[in-house]
Amino acid sequence: VDIVYFPSAACTKMFSYRRMLPLPPAGEDHVPSPHPNNRTCIYVGGVSASYGIGLLIDSFRLLNAGGCRYRLILVCREGEYERERERIGEHEWLTVCHASGAALEPLYAQADVGLLSLVDNEYNNFAVGTKLFQYLSYGLPVLSTDVEAMRELIEADGLGLTAAGDPESYAAAIRSLLDDDERLASARERAVRALRERHLWVHRVDRIVRELTEDTQ
């Protein structure tokens, strides 16, 4: 094999192939027209402890301690939700949906920021989730916990913000985006520009072709 690709540079540290390169997932350009700041975040994914569901709920409890101001759209599988229903609870600021595919589009259209809340462990420090790029595909800047691979990618390409994995820090990062219309618009602009310039699937294909062609010249 000429090249072995991995989702992140951190992942290559675990192997010893002759040539290893990071090649993360990518997105598609479904970016809608901008809308006014709704102070709404969306999370799409698993709701077990390793995905950080406790962090999400506790952060939004802090954000809304003085009244319902910041909203969370939580999209997950119905069976997983039922298992975690007691932990998640029912809140005025929370909308739970069980959607996938095209049914996600109107939910993304309501949101201002896409959330990733992975806990700090060995796997999450080298993993790069496809949800990061799905958020970007719909024009959403991303807030992630500061697990290694996600932090490096988000900070290097201006895809959003990262925060420590405690409710106070995570809530403060959400507030810093949603309470400042100019900062939110700037974060969105940077994320969309990065998507269109570097993070579409065609960019990944072009890179593979270029690198394999270089090897044969």
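The values are calculated or read from the model by the stated rules, or taken from the named source; none is laboratory data. Fair warning: this is a prediction, and the values are worked out from it, not measured in the lab. Methodologically, a virtual Cβ is constructed for each residue, glycine included, from the backbone with ideal geometry; neighbour enumeration extends over all protein chains shown. Note: accessible area is taken over every heavy atom of the protein model, side chains too, but ligands, DNA and RNA are not part of it. Shrake-Rupley method; radii C 1.70, N 1.55, O 1.52, S 1.80 Å.
Scan the range 27-80 for residues that are among the β-branched types (Val, Ile, Thr) and more than 14 Å from Gly139 (Cβ to Cβ) and the total you get is 6.
Of all residue pairs spaced 6 or more apart or on separate chains, those with beta-carbon atoms under 8 Å, a first member in the range 12-25 that is more than 13 Å from Arg207 (Cα to Cα) and a second member that is surrounded by 15 or more Cβ atoms within 10 Å (Cβ to Cβ) and of a type outside the set (A, V, I, L, M) are Thr12/Phe6; Thr12/Pro22; Lys13/Phe126; Met14/Phe126; Phe15/Phe6; Met20/Tyr5; Met20/Phe6; Met20/Thr12. Just one of the listed residues (Ile57, Ile42, Ile53, Ile88) is under 30 Å from Glu168 (Cα atoms), among the β-branched types (Val, Ile, Thr), free of Cβ contacts under 8 Å to residues at least 40 places away in the same chain and open to solvent by less than 10 Å² (accessible area, probe 1.4 Å), namely Ile57.
Residues are listed down the side, and each one gets a yes or a no for (1) without any contact (Cβ under 8 Å) to a residue 40 or more places away in the chain; (2) closer than 20 Å to His30 by Cβ:
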| residue | (1), (2) |
| --- | --- |
| Phe126 | no, no |
| Leu136 | no, yes |
| Glu155 | yes, no |
| Gly158 | yes, yes |
| Asp166 | no, no |
| Ser176 | yes, no |
| Leu184 | no, yes |
| Glu197 | yes, yes |
| Leu212 | no, no |
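Note on the range 150-164: residues that are under 12 Å from the mean Cα position of the chain (by Cα) and over 25 Å from Arg39 (Cβ atoms) total 1.
Residues in the range 5-56 that are among the aliphatic types (A, V, I, L, M) and in contact with a Lys or Arg (Cβ under 7 Å, 6 or more places away or on another chain): Leu23, Ala26, Val44, Ile53. Within the set Phe133, Phe126, the sole residue that is open to solvent by less than 50 Å² (accessible area, probe 1.4 Å) and in contact with a Pro (Cβ under 6 Å, 6 or more places away or on another chain) turns out to be Phe133.
Going through the range 174-217 one residue at a time, which ones are in contact with a Gly (Cβ under 9 Å, 6 or more places away or on another chain) and either assigned to a helix (DSSP H, G or I) or charged (D, E, K, R) (or both)? Answer for the range 174-217, where residues must be in contact with a Gly (Cβ under 9 Å, 6 or more places away or on another chain) and either assigned to a helix (DSSP H, G or I) or charged (D, E, K, R) (or both): Leu177, Ala187, Arg188, Arg190, Ala191, Val192, Arg193, Ala194, Leu195, Trp201. Of the listed requirements (1) among the polar types (S, T, N, Q); (2) closer than 24 Å to Asn121 by Cβ; (3) in contact (Cβ under 8 Å) with a residue 40 or more places away in the chain, Ser48 misses just one: (3). In this structure, Gly27 does not satisfy being at pLDDT below 95, within 30 Å of Asp179 (Cα to Cα) and open to solvent by less than 40 Å² (accessible area, probe 1.4 Å). Of the listed requirements (1) touching a residue at least 40 places away in the same chain (Cβ under 8 Å); (2) farther than 24 Å from Asp180 by Cα, Pro34 misses just one: (2). Taking the numbered list (1) of a type outside the set (Val, Ile, Thr); (2) modelled with pLDDT of 95 or more; (3) in a helix (DSSP H, G or I) in turn, Leu153 passes all entries but (2).
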